[in-house]
1. Scanning the range B:217-226 for residues that are touching a strand residue (DSSP E or B) at 6+ places or on another chain (Cβ under 6 Å) and surrounded by fewer than 21 Cβ atoms within 10 Å (Cβ to Cβ), which turns out nearest to B:Pro64 (Cα to Cα)?
2. In a helix (DSSP H, G or I), in contact (Cβ under 8 Å) with a residue 60 or more places away in the chain, at negative phi and within 17 Å of the chain's Cα centre (by Cα), is that true of A:Arg267?
3. Being in contact (Cβ under 8 Å) with a residue 24 or more places away in the chain and either closer than 14 Å to A:Ala127 by Cα or surrounded by fewer than 18 Cβ atoms within 10 Å (Cβ to Cβ) (or both) is the filter here, so list the residues in the range A:153-164 that pass it.
4. Only one of (1) over 30 Å from A:Val82 (Cα atoms); (2) surrounded by 18 or more Cβ atoms within 10 Å (Cβ to Cβ); (3) at pLDDT 80 or above; (4) hydrophobic (A, V, I, L, M, F, W, C) fails for A:Met65. Which number is that?
5. If you check every pair at least six apart or on different chains, which have Cβ atoms under 8 Å apart with a residue in the range B:203-228 that is of a type in the set (Phe, Trp, Tyr) first and a residue that is in a helix (DSSP H, G or I) second?
6. Being of a type outside the set (A, V, I, L, M), in contact with a strand residue (DSSP E or B) (Cβ under 7 Å, 6 or more places away or on another chain) and either more than 9 Å from chain A (Cβ to nearest Cβ) or free of Cβ contacts under 8 Å to residues at least 60 places away in the same chain (or both) narrows it down to one of B:Lys74, B:Lys47, B:Lys35, B:Lys27, so name that one.
7. Within the set of pairs 6 or more residues apart or between chains, which connect a residue that is closer than 15 Å to A:Ser110 by Cα inside the range B:88-103 to a residue that is surrounded by fewer than 21 Cβ atoms within 10 Å (Cβ to Cβ) with Cβ atoms less than 6 Å apart?
Amino acid sequence: MTTVSPNYYDSDQARRPLVSELANLWGYRGLLRLLVVRDLTVRYKRSTLGVWWTLLNPLLTMSVMWVVFGNFFRFETEVPYVVYLLSGILLVTYFSQAVISAGSSIVNSSSVLSKVYVPPEVFAFSAALAAAANFLISLVPLLIIQLVMGVGIPWTIVLLPIPLVAMLALVAGLGLLVASAAVYFFDVLDLTGVLIQLIGYLTPTFYPLSIIPPEFLPLIYGNPLYSYLLVFRGFVYEGVFAPWWAFVVMVGTAIIVLVLGVWVFSRSWKNLVVLL
Amino acid sequence: MSGPNPVEVQDASLAYRLSHNRAGTLKEFAIRLVKRQVQYERLWAVKGVSFSVPRGEVFSIIGPNGAGKSTLMKMIARVLPPTAGRIVVRGSVSPMIELGAGFNPELTGYENIVLYGTLLGRDPSYMRGRAPAIAEWAELTDFLDVPIRSYSSGMLARLGFAVATDVKPEVLLVDEVLSVGDEAFQRTSKLRIEEMIADGTSVVFVSHNLGTVKEVASRVMWLDHGVAKMVGKPAEVVKAYQGSV
């Protein structure tokens, strides 16, 4: 069946951003799939290390941190430190990779977007989806380490899609916000990198909460990423549900940021496209 | 020849925002904001243009370079949303404005057929099925598995044309592409467009070749500095335009 581009265009309708944009995106799901697959195959097929590169990168980071913080500083955690550390690194890597690649996706696709009509959000969403796929692949070494270290794999692992999808919404929304700003100013992406690093340090990936002086705890509790990490660690190795407020923060920020991102982006697209 | 017009442009305008001393970075912008040096000037590339194209009509846009012809085409193609006014397009659109926009030089001819077709809003699985026929029509069957960075510009243009016209659209936007390829290809591509027109496809056609315009267009618009100076019968508009140059 031939599905040709949306068969009705009325520029006035574009003023109802959310409804028309989302309906529009559905028509381009084939393109979304194609872009995600292309992103992954380019990364895996065309480099010698291929899929191992995705696995190697967080493992190397983990090894360095494990030597420094596990052996020199001797951080105490309830589970073996390696499991605590790697789970944190993986989630924060997913976050930062996705926000940066979704944030740069619009500028990078400007040659297409300024010539052919495609809902521009498709490029941001496909970047976020590719990062999610990478995250899933990089879970494999974590699960192996859990087995080797005797932590095991709890049944709650089947609930992983919940934090995974919430994170996808968060990074897609943030990515769209960054992407709109990046069209105006090209240093926005560098700045975003720095901010993401800051958020990463405010997330207890490599240190236990017990070493944080009480007066600084609000900084960590105030970081939404902490809630995502609590839920993720609960499901992936602890086998427990994180406290209810973590779920509220996670789902709440995911929905708010996604809606905000799509809304701001579609509202400003008119001004962005003439700058591409 | 009934029903609403496939293309309707109502008082449409498009402004590019030029900022003097455009701040490329956020840092610079912040400094200028503090110094109160942020100024924008609007450049109207298209201003208050209205026209409609009925089914099966060839509507041609002429005018000097920088008149806003390509901008107007991109507005109809939905790439540029109008700053003011309204544009309605009923039915599918094949934009032959920048043929092969979205081609990736590292991917093979086959992969590019699928990618470009999908960017044009078609289904990837449908494009996979059509790829051999598209390649055959573009006379590129032997090069289907070669990355297109080794294609010549003529081959690229043929491939772009073949993908864009593979599906019969309700509206065809043509920006001077009739002049791609060698003579044999020009003939076949012209034939394909004529078939579509006979079948009811509406065409918006931008050209500098006034001879072709007089020959193929049903109506002509003369665009100058973003403003429609004259709309009417090809012979009259072309004559007035030639008189002004």
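1. Step one: list which residues in the range B:217-226 are touching a strand residue (DSSP E or B) at 6+ places or on another chain (Cβ under 6 Å), which gives B:217-223, B:226.
Next, only the ones that are surrounded by fewer than 21 Cβ atoms within 10 Å (Cβ to Cβ) stay: B:218-219.
Values: B:Ser218: 20, B:Arg219: 18 Å.
Residue satisfying both the conditions and the ranking: B:Arg219.
2. Details: in a helix (DSSP H, G or I): yes; in contact (Cβ under 8 Å) with a residue 60 or more places away in the chain: yes; at negative phi: yes; within 17 Å of the chain's Cα centre (by Cα): no.
No.
3. If we filter the range A:153-164 for residues that are in contact (Cβ under 8 Å) with a residue 24 or more places away in the chain, which is where we start, we get A:153-157, A:159-160, A:162-164.
Within the range A:153-164, A:Ile153, A:Pro154, A:Trp155, A:Thr156, A:Ile157, A:Leu159, A:Leu160, A:Ile162 qualify.
4. (1)
5. B:Phe205/B:Val213; B:Phe205/B:Val216; B:Trp222/B:Val237; B:Trp222/B:Ala240; B:Trp222/B:Tyr241
6. Numbers: B:Lys74 fails: in contact with a strand residue (DSSP E or B) (Cβ under 7 Å, 6 or more places away or on another chain); B:Lys35 fails: in contact with a strand residue (DSSP E or B) (Cβ under 7 Å, 6 or more places away or on another chain); B:Lys27 fails: in contact with a strand residue (DSSP E or B) (Cβ under 7 Å, 6 or more places away or on another chain).
From the options B:Lys74, B:Lys47, B:Lys35, B:Lys27, the qualifying one is B:Lys47.
7. These pairs meet every condition: B:Glu98/A:Lys115; B:Ala101/A:Lys115.
Here is a yes/no grid of residues against (1) assigned to a helix (DSSP H, G or I); (2) at pLDDT 85 or above; (3) surrounded by 13 or more Cβ atoms within 10 Å (Cβ to Cβ):
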residue	(1), (2), (3)
B:Gln186	yes, no, yes
B:Met196	yes, yes, yes
B:Phe205	no, yes, yes
B:Glu215	yes, yes, no
B:Ala228	no, yes, yes
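The values are calculated or read from the model by the stated rules, or taken from the named source; none is laboratory data. In this text the structure is predicted, and so the values were computed from the model without any measurement. Cβ atoms come from the backbone with ideal geometry, glycine included; neighbour counts cover every protein chain shown.
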